[in-house]
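Notes follow the structure.
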Amino acid sequence: MALKTSINYSPNFNPNKRGKNEIKFIIFHYTGMKKEKDAINKLTNIQSEVSSHYLIKNNGEIVTLVPDLYIAWHAGKSAWKNHCSLNKNSIGIEISNQGHQFNYTKFSKKQIHSLLKLSKYIIKKYKINPQNILGHSDIAPDRKNDPGEKFPWEYLAKNEISLWHTLEKKYLRNFRKIIIENSSKKIFLKNVFKIGYSQNTKIKKNKLKNEFYIIKAFQRRFRQELINGKIDKECLLISQNLMKVLRLI
């Protein structure tokens, strides 16, 4: 069954079509602008050189900006596992939200309902693995914070969209801010790189700063109550659990 959307085509896409089998990822974004109409104008303005395939408005309306088989310009410089420049292999979904710069707020129930419907449609159509459903900050941790720590990753995972750990929050809180040894920190980093966070996103070849941004991206996704860029025992336990969920150990 076809997905019902309104249409407001953007000129910002590659003219050559791609094959259905090239679409392997869904990338979530927030618009990060004060006014929704300004976000729409930016996504459809040829001078901005920015777009996505879909936009979910504040009222839950789904807007098609770029047809799926064309490459939209939403991911920019990005990496996940052995994939770089994820535009060519992904569907980009923008969700109207002011973002961290302008009083970041929760996403509305109408938006989340539409996001579920749209994501399930895309997953089924292109046979996308739930572990390949990511946030912009996952694939560009040194540049991006979206969709942010108020994005309902756990709820989406319960609806078979994306990835989440199986540990109870009450249990995990006992290990928050518990200092771990350097050897355990290395295990955490090894885990997150196996999960998919890429070492290819280098910040002027500064290893420590690169790791700091990756840690924050991991926390923004999987430990949303505290994003401080510091590896504690809670983060380690979550990473180990995700390794089991993904059957990487």
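The values are calculated or read from the model by the stated rules, or taken from the named source; none is laboratory data. Since this is a predicted model, take the numbers as computed values, not measurements. Heads up, the Cβs are rebuilt from the backbone with ideal geometry, glycines too, and the neighbour counts pull from every protein chain shown.
Some values worked out for this structure:
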read-out	value
Test result for Ile27, surrounded by 17 or more Cβ atoms within 10 Å (Cβ to Cβ), closer than 22 Å to Lys88 by Cα and of a type outside the set (Gly, Ala, Ser)	yes
Lone qualifier among Lys34, Lys24, Lys57 - being over 19 Å from the mean Cα position of the chain (by Cα) and in the same structural domain as Glu149 (by TED's automatic domain parsing)	Lys34
Some residue of the range 50-58 being farther than 28 Å from Ala2 by Cα and not in a loop (DSSP other than H, G, I, E, B)	no
Selected residue (only one of Gln131, Gln101 is surrounded by fewer than 17 Cβ atoms within 10 Å (Cβ to Cβ), in the same structural domain as Gly32 (by TED's automatic domain parsing) and under 20 Å from Asn228 (Cβ atoms))	Gln101
Residue in the range 215-224 that is buried (at least 20 other Cβ atoms within 10 Å of the Cβ), assigned by TED's automatic domain parsing to the domain that holds Ser90 and under 27 Å from Gln98 (Cα atoms) present	no
The range 227-244 - residue that is free of Cβ contacts under 8 Å to residues at least 60 places away in the same chain and within 18 Å of the chain's Cα centre (by Cα) and, of those, surrounded by the most Cβ atoms within 10 Å (Cβ to Cβ)	Ser239
Selected residue [hydroxyl-bearing (Ser, Thr, Tyr), in contact (Cβ under 8 Å) with a residue 24 or more places away in the chain and out of contact with any Leu (no Cβ under 8 Å at 6 or more places or on another chain)] from Tyr70, Tyr54	Tyr70
Matching option when the condition is surrounded by 15 or more Cβ atoms within 10 Å (Cβ to Cβ) and modelled with pLDDT under 95, among Asp142, Asp146	Asp142
Matching residues, the range 154-187, being hydroxyl-bearing (Ser, Thr, Tyr) and in contact (Cβ under 8 Å) with a residue 24 or more places away in the chain	Tyr155, Ser162, Thr166, Ser184
Only one of Ser183, Ser137, Ser96 that is at pLDDT 95 or above, in the same structural domain as Asn206 (by TED's automatic domain parsing) and out of contact with any strand residue (DSSP E or B) (no Cβ under 6 Å at 6 or more places or on another chain)	Ser183
Near pairs, Cβ below 6 angstrom, 6+ apart or cross-chain, from the range 9-35 (farther than 19 Å from Ile133 by Cα) to any residue that is among the charged types (D, E, K, R)	Asn12/Glu49
